[in-house]
Amino acid sequence: MKRTKIIDVLRSTEYGKEVCVKGWVRSHRGNKNVDFIALNDGSTIKTIQIVVDPVACPVSGASCAAQEPSLKDVTTGACISVVGTLVESPAAGQPSEVQATSVEILGLCDNTYPMQKKGQSFEFMRQHAHMRLRTNTFGAVMRIRHNMAMAIHTYFHEHGFYYFHTPLITASDCEGAGNMFQVTTKNLYDLKKDEQGKIIYDDDFFGEQTSLTVSGQLEGELGATALGAIYTFGPTFRAENSNTPRHLAEFWMIEPEVAFLDQEELMDLEEDFIKYCVRWALDNCKDDLAFLNQMIDKTLIERLQSVINTEFVRLPYTKGIEILQEAIKNGRKFEFPCNWGDDLASEHERYLVEEHFKKPVIMTDYPTAIKAFYMKQNKEVTPSGSSVGYRGTVAPGPTMQGTDVLFPQIGEIIGGSVREESYDKLMAEINRRNMETDKLWWYLDTRRWGTCPHAGFGLGFERLILFVTGMQNIRDVIPFPRTPKTADF
């Protein structure tokens, strides 16, 4: 008999119809007269209750012992197939149940199964990431993750963007931080070096030093200068030795790039896009969000609704520093300094969002020195006579057209900017930073041949999932996290 997904069975009102459901046992209780099995197949957070007559209902399939299979073999975690009649449930809280006419055990599960009905800590479940996906919490998170991916593709498709695939293997460092994973076919036990002790890459697969990408932005800019508006959506890699709840070594990034877009239009795009994604979650993930709102964060749904119902604050960095320093004067303590020229820490960003404005903030016009080389500088220079504090003897100076979106619970969720389209200005900044240009010749060509104003942003997919699910650790919103000293599964 053809299987019906549990989500469809629970929606059905065709009582008296014979159905076949298959899934994994969440719980099994009973007595000599009747057994109740809670069955889930991953299609929904909900389970379907299977009612079994232990005397009349035949049980087939695998057995734990050298004897005929029985209901005793149907333990938590076991996989079964049930044929039965869909009936209206007399119990509160469930619309229907299945009165089993036959049960087949597809996969046994012994008592060492780690995801028992009793609660386990998230740290424990990370050690069993191959099994944690079967729990209610991680099933909900992964279904929401899927829906957020669908929202992203749908939004950009509806707004005329083209899905653009950028390489995972690259010879350039977009961020300039050097935290990259090398890719090589060389024998690491017999590395050939030149007279200066540098590794010779002539015999490597690509004939030069290559790494896993930290961003598809630079290639995305090339796409924007040809197709007008593109977006990338794929994995990126950062070799940062960081064990914070906000960092992964492998994570997914969404990076749109748009030709002929100025700073105000970029902020409009960022706000509209992220509101669309949050609204999609509220419309399409009701059951999973209700579960997470009850079990993980009781303010989750309220916080999501507040994002789509409010206008984001647009705040220049200089004004943000003034607000933070005023808070310090009034007794607010921060772990990290926040003078003009400092890169704001998450605690500063969250203060602005959660305590001062109580709504999302788009912070603009950061000091050039703390941002990437490709960002467009503002014409104005922050006056050195400003009341804003600054580090040491370095007075406030040039700023660039950044547009970072700060969210409650998260801090920075989007990092964006207008890109510098002038070849001369871009080269001047590259030279000022003593960057090597031999790996960026193709990127610089876009500024020599038909350059145009353009802008874009990067959204860390897992940070979006953190916000939408209310989870507290980024390792819990990706199926198999990659972090320092952890590459299992």
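Taken as a whole, the range 34-43 holds at least one residue that is over 40 Å from the mean Cα position of the chain (by Cα) and more than 19 Å from residue 134 (Cα to Cα). Considering (1) on the phi > 0 side of the Ramachandran plot; (2) part of a helix (DSSP H, G or I), the lone condition that residue 365 does not fulfil carries the number (2).
For (1) more than 19 Å from residue 462 (Cα to Cα); (2) within 27 Å of the chain's Cα centre (by Cα); (3) not β-branched (Val, Ile, Thr), each residue gets a yes or a no:
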| position | (1), (2), (3) |
| --- | --- |
| 165 | yes, yes, yes |
| 173 | yes, yes, yes |
| 197 | yes, no, yes |
| 200 | yes, no, no |
| 207 | yes, no, yes |
| 229 | yes, yes, yes |
| 236 | no, yes, no |
| 246 | no, yes, yes |
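All of (1) buried (at least 20 other Cβ atoms within 10 Å of the Cβ); (2) at positive phi hold for residue 42 with one exception: (1).
Restricting the search to the range 161-204, which residues are open to solvent by less than 80 Å² (accessible area, probe 1.4 Å) and of a type in the set (D, E, K, R)? Scanning the range 161-204 gives 173, 175, 186, 194, 204.
Condition first: open to solvent by 10 Å² or more (accessible area, probe 1.4 Å), in contact with a Cys (Cβ under 8 Å, 6 or more places away or on another chain) and either over 30 Å from residue 120 (Cα atoms) or charged (D, E, K, R) (or both). Can you find one or more residues in the range 442-465 that meet it? No, every residue in the range 442-465 fails to be open to solvent by 10 Å² or more (accessible area, probe 1.4 Å), in contact with a Cys (Cβ under 8 Å, 6 or more places away or on another chain) and either over 30 Å from residue 120 (Cα atoms) or charged (D, E, K, R) (or both). Residues that are under 20 Å from the mean Cα position of the chain (by Cα), modelled with pLDDT of 95 or more and β-branched (Val, Ile, Thr): does the range 255-273 have at least one? No: zero hits. Tallying residues that are assigned to a strand (DSSP E or B) and more than 10 Å from residue 184 (Cβ to Cβ) within the range 196-212 yields 1. Screening the range 466-479 for residues that are outside any loop (DSSP other than H, G, I, E, B) and within 21 Å of residue 127 (Cβ to Cβ) and picking the one that is most open to solvent (accessible area, probe 1.4 Å) gives 475.
Screening 137, 154 for residues that are surrounded by 15 or more Cβ atoms within 10 Å (Cβ to Cβ) and polar (S, T, N, Q) leaves exactly one candidate, 137.
Somewhere in the range 220-234, is a residue out of contact with any Pro (no Cβ under 6 Å at 6 or more places or on another chain), open to solvent by less than 40 Å² (accessible area, probe 1.4 Å) and at pLDDT below 95?
We begin by selecting, within the range 220-234, every residue out of contact with any Pro (no Cβ under 6 Å at 6 or more places or on another chain); these are 220-230, 232-234.
Right, trim to open to solvent by less than 40 Å² (accessible area, probe 1.4 Å) and you get 220-221, 223-224, 228-230, 232-234.
If we keep only those that are at pLDDT below 95 too, we end up with none.
Within the range 220-234 (the criterion being out of contact with any Pro (no Cβ under 6 Å at 6 or more places or on another chain), open to solvent by less than 40 Å² (accessible area, probe 1.4 Å) and at pLDDT below 95), the answer is no, since none of the residues qualifies.
The values are calculated or read from the model by the stated rules, or taken from the named source; none is laboratory data. The structure presented is a predicted model; accordingly, all values stated were derived computationally and were not measured. Virtual Cβ from ideal backbone geometry, glycine too; neighbours counted across all protein chains shown. Quick note on the areas: whole protein, heavy atoms, side chains included, nothing else; ligands and nucleic acids left out. Shrake-Rupley method; radii C 1.70, N 1.55, O 1.52, S 1.80 Å.
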